[in-house]
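**Student:** Sharing a structure, written as structure tokens. Questions coming.
A short reminder: the numbers here are calculations on the coordinates, not readings from a lab. Please read these numbers as outputs of a predicted model, since none were measured by experiment. When we count neighbours, we look across all protein chains shown, and the Cβ atoms used for this are built from the backbone with ideal geometry, even at glycine.
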Amino acid sequence: MGVFSKKEDDATKMLKKALSLELDGQYQDAIDILNKAILIEPKNQAIWISEVRIYEKLGFKDVAKEIIEKGLATYPNSGFLWELKGDWDFKGGEIQESILSFDKSLTIDPNNAPLWIKKSNAYIILEKYQETLEALNVCISIDPRNLDALSRKLLCFNKLGNYQEIIKMIDDALSENPKEPTLWCEKGYCLYKLGRKHESNKALENACFLNPNISKVYLEKGISLYNKKIYQSAIETFEIGLLLDPNNWIIWYHKGLCHLCLDQNKDAIDIFEKGLLIHPKSADLWARKGFSLINTNQFQEAYEALDISLSINPNNEIARREIEIVTIALENMGIKPGSWDPIIHLDKEDPIKHPYSQSNIMNVKNNDKNKSGTIPPLNTELSTLKRDKNKETRVTCKTCGHVYCYNNLDVMNNITKKIDNTARFFGSLANSPIGGRKSEDTIDYKRCQKCGSRNIISEIIYFD
Ligand SMILES: [Zn+2]
């Protein structure tokens, strides 16, 4: 006789059988067995979770959601089910709700370190950094070398402008590795941000002594962050490069590009002008300055900048392209002001205010149906269920004609990746033990995914 009771033994066997049926694609049979297993052992979390997974896989998301709720009604002390509910809330952009679900799960199992990270992600999205830090500290108390927690802590300190705490973390790393030039650079950067210029210079001198080419390292690192669309981190990296080598116009140029991508056109103009003080004969700097001026509707000035760019290099592609736009704009001046602004903005990439979470007629109808409280009976026939209508955002690029779609899940995944990437950047800011991890590609939904143009139209579509 085993340690399992007869009942548990039966339910576990049925679960195994259901899993193998699921693998064979025999979903209805799998669900039938799971439903029987639930009746035998309603407090087996794995059974509920398997059933949710199958419905989700088949596209019956509303049913899956209701199974989670039914599971929680039957077994409210299931940490797994609460975590699963939190995941669903999070993926659906219901961040506040996800925190409540995660909390329920954490009350049941407070030592779930990865769940504390999930909770911290939710707080980061809500920009509640103090709460984020509290969650992270619990995680670190469970798992002191948790890299996700340590790097997110640096992210928070940076967002809060708490460079003092970052310096503490860097000093810890320096005590283990005093000859690492990047640590000295980053310490110098934090000291500079705190206005402690003299100490900052000393730290930067240390770095240059250890590696005379260190500014190049920051230029390259910044460019790679820029290519991965992690613009804010790229800007900070270029700022370190500029502290080391303020006369490097190439760093100014790339920092300006980051500001452009963040729609910070005035900052961009300012940065390109600083670059031009160092290298007044850069056709690229003049072209980008012209481009930024167009974005702020300063067409006369834009024309002049683009004209200078072309006088230096008649083949500068950006200048050639933009000067046509400006010429038309100037011709139309006074007749249709603003018509030359080609940018149709998507909603800000804010998960909570994203078009998905806006209420709409379709949603209201669905909710009404659900409010009648019809949780599907456990012996649901798959063939009688209706798949949920899917909602996507369809984007049409007016520049190249490319059409593509993305959905809520894509947006949330992208946001989570961004948090991870930013946290990883700060991980490398304090270097060991968090540094050196590769970042993941993220998507800029405000641009065409093919040609990069911001001249796009987005609309919400529904399909079966
Ligand atoms: Zn395009």
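**Student:** Taking the Cβ of each residue in Phe291, Phe463 as the centre, tally the other Cβ atoms inside 10 Å and list the residues starting with the fewest.
**Tutor:** Phe463, Phe291
**Student:** Output needed for the stretch 116-195: three equivalent-ellipsoid semi-axes, defined as square roots of 5 times the C-alpha gyration tensor eigenvalues, in descending order, whole Å.
**Tutor:** 24, 16, 8
**Student:** In cubic angstrom, how much convex hull volume per residue do the alpha carbon atoms of the stretch 227-298 span?
**Tutor:** Convex hull volume per residue, Cα atoms: 75 Å³.
**Student:** Taking the Cα atoms of the stretch 143-283, what is the range of coordinates along each of the three principal axes, in descending order and whole Å?
**Tutor:** Reported extents, whole Å, longest axis first: 50, 32, 26.
**Student:** Stokes-Einstein at 25 °C, 0.890 mPa s, Kirkwood radius from Cα pairs: D for the stretch 208-335 in µm² s⁻¹? Each step should come with its number before you reach the end.
**Tutor:** Working: Rh = 15.0 Å.
Using the Kirkwood radius from Cα pairs, D works out to 163 µm²/s.
**Student:** Output needed for the stretch 211-264: three equivalent-ellipsoid semi-axes, defined as square roots of 5 times the C-alpha gyration tensor eigenvalues, in descending order, whole Å. Spell out each step's value before the answer.
**Tutor:** Numbers: eigenvalues 66, 25, 11 Å².
Semi-axis lengths for the stretch 211-264 are 18, 11, 8 Å.
**Student:** Would you mind counting up the charge near Arg196? Only other residues with Cβ under 13 Å from its Cβ, with Lys and Arg at +1 and Asp and Glu at -1.
**Tutor:** +3
**Student:** To two decimal places, what compactness ratio does the stretch 88-146 give when its Cα radius of gyration is scaled by 2.2 N^0.38 Å? Spell out each step's value before the answer.
**Tutor:** Values: Rg = 10.8 Å, N = 59, 2.2 N^0.38 = 10.4 Å.
With N residues counted in the stretch 88-146, Rg over 2.2 N^0.38 Å equals 1.04.
**Student:** Would you please calculate the Kirkwood hydrodynamic radius of the stretch 278-336 over all C-alpha pairs and express it in Å, rounded to one decimal? Can you show the working numbers first?
**Tutor:** On the way: mean 1/r = 0.0901 Å⁻¹.
Kirkwood hydrodynamic radius for the stretch 278-336: 11.1 Å.
**Student:** Here is the link list: Lys104/Lys228; Lys229/Lys398; Lys193/Lys216; Lys119/Lys274; Lys179/Lys266; Lys159/Lys216. Which ones come out longer than 31 Å on Cα distance?
**Tutor:** Cα-Cα > 31 Å for Lys104/Lys228; Lys119/Lys274; Lys179/Lys266; rest within.
**Student:** To continue, here is another question. Taking the radius of gyration and the Kirkwood hydrodynamic radius from Cα positions alone, what is the Rg/Rh ratio for the stretch 59-218, to two decimal places?
**Tutor:** On the way: Rg = 20.9 Å, Rh = 18.0 Å.
That ratio equals 1.16.
**Student:** Further question on the same structure: Could you work out the local net charge near Gly161, counting Lys and Arg as +1, Asp and Glu as -1, over the other residues with Cβ closer than 13 Å to its Cβ?
**Tutor:** After counting each charged neighbour, the total is 0.
**Student:** A further question on this structure: In the stretch 18-109, what is the volume of the convex hull around the alpha carbon atoms, normalised per residue and reported in Å³? Can you show the working numbers first?
**Tutor:** Values: hull volume 7.8 nm³, N = 92.
It comes to 85 Å³ per residue, whole-number rounded.
**Student:** On the Cα set of the stretch 157-236, report Rg and Dmax in Å, please.
**Tutor:** 12.8, 34
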